[in-house]
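**Student:** Input: one structure, supplied below.
Laboratory data are not the source of any read-out in this text; all were calculated from the coordinates shown. This one's a predicted model, so the numbers in the text were calculated from it and none came from an experiment. Cβ: placed from backbone, ideal geometry, glycine included. Neighbour counts: every protein chain shown.
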Amino acid sequence: MTSKAKLALILCSTLLSGGAFAQSGQEPSVTYTPIAPPSTTRGKAPSVTIAPVSLVTAPRAKETMVDLDFRVASGFHINSNTPKSEFLIPTKLNMNVPTDIALGKIEYPPGQDVSFPFSPDEALNVYTGDFTVKVAVHPLHSVVPGKYVMHGFLRYQACDNAQCFPPKNLPVSFEVKVVKEPPGPSHNPAQSPHVHN
């Protein structure tokens, strides 16, 4: 029997067995995993957003403060930078700075002490609504004047009145325009008393 004839015989027997299987009313033993429909009862997912940051002009050899304005979605809160329990994840800004641009102090706002149904006996220190984190950038004297992009992320854990969600990282970026430091005061040495006209 030629190979073509063998192939035809295999195809024919497969079709016949498939037809007989279908006529027997049996279902193939395949497990299907249904995709869960999106929940409509939870509302929007917890989120924190950052407002656009205007171009920051920073003179060399000087510290410049940058305001980063964040917003927590309505119905949610996030732990402050100094939560009252060591088991809670603090909100923290992490920045990667270009070479020769130093990162100064990061200032976090104080949180609000609020009690929630899931922990009625303990007030938690949280941020809600709008809050601002201030970060200092300090271009060194060696930085070539020009524009530099600062990248980082805000790590936070959001909760609603019933539960907390896994921590997230919100990307943060802004541009710094490094300019030459202003000239110092001109120095006029006093005339020598030994010089006579």
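**Student:** Just list whichever of K62/K92; K92/K177; K62/K177; K105/K134; K147/K180; K105/K180 have alpha carbons separated by over 20 Å in the model shown.
**Tutor:** Flagged as over cut-off: K62/K92; K92/K177; K105/K180.
**Student:** Show which aspartates and glutamates lie in cross-link reach of K168 when reach means a straight Cα distance below 17 angstrom and same-chain residues fewer than eight apart are skipped.
**Tutor:** D160
**Student:** Right, next: Suppose R0 equals 45 Å. What FRET efficiency, 1/(1 + (r/R0)^6) with r the Cβ-Cβ distance, do S115 and T57 give to the nearest 0.05?
**Tutor:** The computed FRET efficiency comes out at 0.55.
**Student:** So between K92 and F165, what do we pick up on full extension, going 0.36 nm a residue minus the alpha carbon distance? Write out the running numbers ahead of the final one.
**Tutor:** Details: separation 73, 0.36 × 73 = 26.28 nm, distance 1.64 nm.
Between K92 and F165, full extension yields 24.6 nm more.
**Student:** Where does the Debye-calculated log10 I(q)/I(0) of segment 48-177 sit at q = 0.10, 0.11, 0.18 Å⁻¹, using only Cα point scatterers of equal weight, no solvent?
**Tutor:** -0.37, -0.43, -0.92
**Student:** What length, rounded to one decimal in nm, is gained on full extension from F153 through to S85, with 0.36 nm per residue of separation minus their alpha-carbon distance?
**Tutor:** 22.2 nm
**Student:** Each label point is 7 Å from the Cα along the Cα-to-Cβ direction; what then is the distance between the points at S173 and S142, in nm?
**Tutor:** Once both label points are built, they end up 2.6 nm from each other.
**Student:** Give a residue-ordered list of calculated ³J(HN,Hα) values for segment 165-172 (Karplus: 6.51 cos²θ - 1.76 cosθ + 1.60, θ = phi - 60°; whole Hz; x for Gly, Pro).
**Tutor:** 10, x, x, 10, 10, 9, x, 10
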